[in-house]
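The values are calculated or read from the model by the stated rules, or taken from the named source; none is laboratory data. In this text, all values refer to a predicted model and were calculated from it rather than measured experimentally. Note that each Cβ is placed from the backbone with ideal geometry, even for glycine, and that neighbours are counted across all protein chains shown.
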Amino acid sequence: MMPLTKCFVIFFIYFTSSQVIAAGPFKGPAGYGDAFPGTRYKHLALDFMTNFGESALATGDGVVVEAHEVDTRDELPVGHRMQPYGKYIEIKHGSFFSSFISRYGHLDTLSVKKGDIVKRGQVIGTIGTTGTQGPMRNIPVSIPHVHLEFFRGTDNRFNPMEYIVGCFKADTTYAEKQHTYPVNCVE
Ligand SMILES: [Zn+2]
């Protein structure tokens, strides 16, 4: 019997402090839509935790529409409602009428630039701790992870798990709508 692929991706959920209150094997849509207690804010993304400096991967074929090289955490004064993503990348996928964008936050380095055409599984940067977290976006990121958002239009976010089929494998053929994890999985 073939061994099942083990995926060392885990999810975690941030609440009002930097405390990680849930961690475990990555299992589907957990992490999307979770409310920050006591606020009206929800985490409309999935967090994929891995080691600092590991590769961040494009979830599907597309074109880079944003490659934000500045850790925005450093741009604004303490207490300001900061832009949370730090160094981040956005990739536009799909055709004109069904396009959407994947956004990868908290990267340490970027290896693509705006306008680049990327393939699924291509390394787009490395995973880091830039940006901020929490409902007020004022807590530095302490645990390396990639914060993955999918959205249409300007910021109409939806659950990435609607499209994600699992780990990227170079020898597999995927349909355009099938997206893969933004991190490497370990066999
Ligand atoms: Zn997140």
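List of remarks:
- Hey, residue 127 buried (at least 20 other Cβ atoms within 10 Å of the Cβ) and under 22 Å from residue 34 (Cα atoms) or not: no
- Complete set of residues in segment 102-114 that are hydrophobic (A, V, I, L, M, F, W, C), away from the ligand (no atom under 16 Å from the Cβ) and either out of contact with any strand residue (DSSP E or B) (no Cβ under 6 Å at 6 or more places or on another chain) or in a strand (DSSP E or B) (or both): 110
- The one condition from (1) in contact with a Pro (Cβ under 7 Å, 6 or more places away or on another chain); (2) assigned to a strand (DSSP E or B) that residue 161 does not meet is (2).
- Residue check, residue 115 over 14 Å from the mean Cα position of the chain (by Cα) and at pLDDT 85 or above: yes
- Yes/no for residue 136 being within 16 Å of the ligand (Cβ to nearest atom) and outside any loop (DSSP other than H, G, I, E, B): no
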